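All remarks here apply to the structure that follows.
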Amino acid sequence: MTVLKIVLIGDGGVGKTAIRERYLGKGFKAQYLLTIGADFAMRDDTIRGDSVRYQIWDLAGQQRFDAVREVYYKGSVGALLVYDVTRPDSYFNTPKWINELWTNNGRGRVPIVVVANKIDMRELSDDTVSPEQGRVFTERLTKLTRPEGFDCYYIETSAKTGVNIQAAFTLLGENIMRFVSRQRKTSRTSTSRLRAAAQQQRSHSRRY
Ligand SMILES: Nc1nc2c(ncn2[C@@H]2O[C@H](COP(=O)(O)OP(=O)(O)OP(=O)(O)O)[C@@H](O)[C@H]2O)c(=O)[nH]1
Ligand SMILES: [Mg+2]
């Protein structure tokens, strides 16, 4: 069982808690009850046949929690970065969230799935964020992460109807697993390089 710490980030009211509740099989509540600080939940899942345990930290998006939020990022290996398609400001704020995550998690750049939520409301609203905007942003984000060996992905969800909620977690999980196994390999390689270097030093000192 691999334990994966993930965070749900994005502006207040975009639907992070609603997404988490859906994923936990708890249905959908129309009433907005803002998260204070952070909520924690766990769920076991399967990623390409491997068992994983998600430790989900659902962070408070409202600005008044900016200072307390930082501590919750530590050790996280991925994020669902959520915005509300009916609130362009929440889309334009996404870089702030990426910066907060990569600065505070202690691991730097980690996989992100960009989640365009509330697509059930797209038709009802005039000023919405288009799928194109979401994709272009995610491509730009991938340009930053590809040198680290992984891409970022874009997905459209509705916590209300439940569409793509499971898919968003699976997509993130798959990318984290790829990222984690790559990191393990890299650290194994550097460990064996170190060992080889130490060995060389030893034979060197014996000879002379
Ligand atoms: N129509 C619709 N409403 C949604 C959807 N997702 C969330 N909501 C509603 O949006 C409001 C805010 O949702 P939350 O999940 O509490 O938002 P949050 O991102 O956790 O907000 P903070 O905890 O303040 O950061 C609630 O009234 C939800 O019912 C969705 O996909 N469609
Ligand atoms: Mg919340």
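Of the numbered conditions (1) farther than 26 Å from I119 by Cα; (2) among the polar types (S, T, N, Q); (3) modelled with pLDDT of 95 or more, T86 fails exactly one; give the number of that condition.
(1)
Taking segment 65-99 as the search range and keeping residues that are over 30 Å from T2 (Cβ atoms), of a type in the set (A, V, I, L, M, F, W, C) and free of Cβ contacts under 8 Å to residues at least 40 places away in the same chain, which one is surrounded by the fewest Cβ atoms within 10 Å (Cβ to Cβ)?
At the first step, the residues of segment 65-99 found to be over 30 Å from T2 (Cβ atoms) are 66-67, 84-93.
Restricting the remaining residues to those that are of a type in the set (A, V, I, L, M, F, W, C) gives 67, 85, 92.
Those left that are additionally free of Cβ contacts under 8 Å to residues at least 40 places away in the same chain: 67, 92.
Details: A67: 8, F92: 14.
For segment 65-99, the residue satisfying everything is A67.
Every residue in segment 47-67 that is polar (S, T, N, Q) and in contact with a strand residue (DSSP E or B) (Cβ under 7 Å, 6 or more places away or on another chain), please. Step through it out loud before you land on a result.
From segment 47-67, those polar (S, T, N, Q) are 51, 55, 62-63; that's our starting set.
Across segment 47-67, the qualifying residues are S51, Q55.
With segment 64-105 as the region, which helices (runs of 4 or more DSSP H) entirely inside it contain at least 3 residues that are of a type outside the set (D, E, K, R) and more than 15 Å from G12 (Cα to Cα)? Lay out the reasoning, then the answer.
Numbers: elements: 66-69, 88-92, 94-104.
Per the criteria, 94-104.
Give the residues of segment 106-115 that are surrounded by 21 or more Cβ atoms within 10 Å (Cβ to Cβ) and farther than 24 Å from D126 by Cα, sorted by residue number. Outline the logic, then answer.
Of the residues in segment 106-115, the ones surrounded by 21 or more Cβ atoms within 10 Å (Cβ to Cβ) are 110-115.
V110, P111, I112, V113 - these are the residues of segment 106-115 that are surrounded by 21 or more Cβ atoms within 10 Å (Cβ to Cβ) and farther than 24 Å from D126 by Cα.
Could you please let me know if G25 is free of Cβ contacts under 8 Å to residues at least 24 places away in the same chain and under 27 Å from R178 (Cα atoms)? Spell out how you get there, then give the answer.
Numbers: free of Cβ contacts under 8 Å to residues at least 24 places away in the same chain: yes; under 27 Å from R178 (Cα atoms): yes.
Yes: the conditions hold for G25.
What single numbered condition from (1) near ligand 2 (Cβ under 9 Å from one of its atoms); (2) touching a Gly at 6+ places or on another chain (Cβ under 6 Å) fails to hold for D39?
Looking at each condition in turn, D39 falls short on (2).
Being of a type in the set (S, T, Y) and over 26 Å from K96 (Cβ atoms) is the filter; apply it to segment 131-188 and report the residue that is nearest to ligand 1 (Cβ to nearest atom). Lay out the reasoning, then the answer.
Step one: of segment 131-188, the residues of a type in the set (S, T, Y) are 138, 142, 145, 153-154, 157-158, 161, 170, 181, 186-187.
Checking which are over 26 Å from K96 (Cβ atoms) leaves us with 161, 170, 181, 186-187.
Details: T161: 7, T170: 18, S181: 31, T186: 34, S187: 35 Å.
The extreme case among them is T161.
Need the failing condition index for D39 against (1) surrounded by 21 or more Cβ atoms within 10 Å (Cβ to Cβ); (2) part of a strand (DSSP E or B), just the number.
It fails just one condition, (1).
Within segment 14-36, track down each residue that is surrounded by fewer than 21 Cβ atoms within 10 Å (Cβ to Cβ) and either modelled with pLDDT under 95 or near ligand 2 (Cβ under 8 Å from one of its atoms) (or both). First the steps, then the outcome.
As a first pass, look at segment 14-36 and keep what is surrounded by fewer than 21 Cβ atoms within 10 Å (Cβ to Cβ): 21, 24-36.
Residues satisfying the conditions are L33, L34, T35.
Within segment 53-62, does at least one residue satisfy the condition of being at pLDDT 95 or above, not hydrophobic (A, V, I, L, M, F, W, C) and not in a strand (DSSP E or B)?
Yes, that holds for at least one residue.
The values are calculated or read from the model by the stated rules, or taken from the named source; none is laboratory data. Worth saying up front: this structure is predicted, and the values here are computed from it rather than measured. Note that we place each Cβ from the backbone using ideal geometry, even for glycine, and neighbour counts take in every protein chain shown.
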